[in-house]
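See below for the structure under consideration.
What follows draws every value from the coordinates through simple rules; no lab data is involved. The structure presented is a predicted model; accordingly, all values stated were derived computationally and were not measured. Cβ sites come from the backbone with ideal geometry, for glycine too, and all protein chains shown count toward neighbours.
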Amino acid sequence: MQFNLKTLALRAAAIRLVAIDVDGVLTDGRLYYSDDGEELKAFHSHDGLGLRRLIEAGIEPAIISARNSKAVKRRMKELGVTNVHLGCNDKGAIVDKLLHAGGLGRKELAAIGDDLLDLPMLKRAGLAVAVADAHPDLRQAADWVTKKPGGRGAVRELCDFILTAQDQK
């Protein structure tokens, strides 16, 4: 169910933790491999700055991916994102642990995804977000769908929305 901007802004004002998928959200979802079998990923610099701004505002980004990737580890280290969970097929369980560890309620969680493995995160979130090119079932389950597709600034769009709602832009 999609909400109007005023309702979404009220939800965004409460956010303290943002659960973020990688492939299809922080990247465009395509997988690249070098001749040596090394996985390569392209990240958008706008998303990176959005994540840095969340951290500076005291909002924790949590990267949750079913894949295990050296490229993701490296990029998150560069950005100062320390809450990184790779190789996770049960994203709902990870979100539950993060909420419990942080003493947070679901209304304080935003989650952004693009495909069916992300549904458990979105179902637990006070602000559930799908990227523009997400699977139709995920778009239907989301409170809000970004204008930008995954890997092309969708995460930055969410970060800016949260920061504006919290008067931190």
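Once Lys and Arg get +1 and Asp and Glu get -1 on their Cβ, which of 66, 76, 32 lies farthest toward the positive end of the dipole of region 5-165? Value: 76. Close amide H partners of residue 150, meaning residues 5 or more places away or on another chain with modelled amide H under 5 Å apart, are 132, 133. Scaled against the 2.2 N^0.38 Å expected of a compact globular protein of N residues, the Cα radius of gyration of the chain reads 0.94.
Working note: Karplus 6.51/-1.76/1.60 with θ = phi - 60° gives region 81-91 the couplings 7, 9, 8, 10, 10, 10, x, 9, 8, 9, 5 Hz, where Gly and Pro are set to x. Only helices enter the 222 nm calculation for the chain: every DSSP H run of n ≥ 4 contributes -39,500 (n - 2.57), and dividing by all residues gives -11000 deg cm²/dmol, rounded to 500. Taking every DSSP bridge with both residues inside region 5-165, close to 10 percent are antiparallel.
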